[in-house]
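Enquirer: If you scroll down you'll find the structure; I have some questions about it.
Please treat every number below as a calculation from the coordinates, not as lab data. Everything numeric in this text was worked out from a predicted model, so none of it was measured. Note that each Cβ is placed from the backbone with ideal geometry, even for glycine, and that neighbours are counted across all protein chains shown.
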Amino acid sequence: MTVKHLGDSANNRKREKASCPLCDTTQGLEILPAANGKAYFSCSQCYLAFLHPDHYLTREQERSFYATHNNSIEDLGYVQYLQQLTTPLLTLLPRQNRHQLHALDYGCGPGPTLHTLLENEGIRCDNFDPLFADHPITPPYDIITATECFEHFHRPADELEKITGLLNEQGFLAVMTNRWKDPAQFFNWHYTRDPTHVVFMHDKTIAFIAKRFRLAPVWQDEKRVVIFQRSN
């Protein structure tokens, strides 16, 4: 699908100066037209879609926007949403030794909820968020969750390097982030309407991440959840 719009010339100029924030390439970047008129690109190497940094919010603007989210353990709809990740994750964890496991909810946001769901299963869980829960962390972790977090990473390669460095050997990284499919879907995708969303995973991005960061995908759905296990 080829869609022309008024921003194409400006976006072409931005493409000449852009680099993929996951694999760092400056080659093979394609314009992804979007209804909001912002400059998005897709990478032909890792298949990440990303927003040009010119459109990033400031840190304080991000904080203000995140603070409008009213997620909590009392919100049944939000709990059910998170269970799309916790249900398959728990099937990978033997019930008999869950009390020995140590988890980290990375990017827990202003209303930490997932740690409660894990602790209800006997799993000790820490919270971390650079804006709302900048607590000391105590690795290594057996489980790290990143729910609705990846899409906010300005430098996803750096974040994934940090996160995987916190994992035990054979530990699990469970990621929830909506995946883009093709330019037609991306053009008016609701996920791009959130101004804090700057990078977007594709199904093929999963394989790139697995290879680069020594992770094995052990479970994924068709839309937003993928669970990796750290490999030697």
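Enquirer: Using θ = phi - 60° and the Karplus form 6.51 cos²θ - 1.76 cosθ + 1.60, what ³J(HN,Hα) does each residue of region 194-207 get, whole Hz, x for Gly and Pro?
Expert: Once rounded to whole Hz, the list reads 7, x, 8, 8, 10, 9, 9, 6, 10, 3, 6, 5, 4, 5.
Enquirer: Taking amide H atoms as placed 1.01 Å from N in the peptide plane, list the residues 5 or more away in sequence, or in a different chain, whose amide H sits under 5 Å from that of residue 124.
Expert: Those qualifying (amide H under 5 Å, at least 5 residues apart or on another chain) are 101, 103.
Enquirer: If a cysteine in the chain has no other Cys Cβ under 4.7 Å from its own Cβ, put it on the list, ordered by number.
Expert: Taking the Cβ cut-off of 4.7 Å, the unpaired cysteines of the chain are 108, 125, 149.
Enquirer: Give, in nm to one decimal, the length gained when the segment between residue 24 and residue 222 is fully stretched (0.36 nm per residue of separation minus the Cα-Cα distance).
Expert: Here the segment from residue 24 to residue 222 would lengthen by 68.6 nm.
Enquirer: Of 47, 120, 213, which is farthest along the charge dipole of the chain in the positive direction, counting Lys and Arg as +1 and Asp and Glu as -1 at C-beta?
Expert: The one lying farthest along the dipole's positive direction is 47.
Enquirer: Let me ask something else. For the chain, what does -39500 (n - 2.57) per DSSP helix run (n ≥ 4), summed and divided by total residues, give at 222 nm, in deg cm²/dmol to the nearest 500?
Expert: Mean residue ellipticity, 222 nm, calculated: -8000 deg cm²/dmol.
Enquirer: Short version: ³J(HN,Hα) in whole Hz for each residue of region 31-41, in order, from phi by Karplus 6.51 cos²θ - 1.76 cosθ + 1.60 (θ = phi - 60°), x for Gly and Pro, what are they?
Expert: 5, 10, x, 9, 4, 7, x, 7, 8, 10, 9
Enquirer: A further question on this structure: Go through 144, 57, 99 and say which Cα lies farthest out towards the positive end of the charge dipole of the chain; charges sit on Cβ, +1 for Lys and Arg, -1 for Asp and Glu.
Expert: 57
Enquirer: OK, next. Evaluate the charge dipole of the chain about its Cα centre and quote only its size in Debye, nearest 20, assuming +1 on the Cβ of each Lys and Arg and -1 on the Cβ of each Asp and Glu.
Expert: 680 debye
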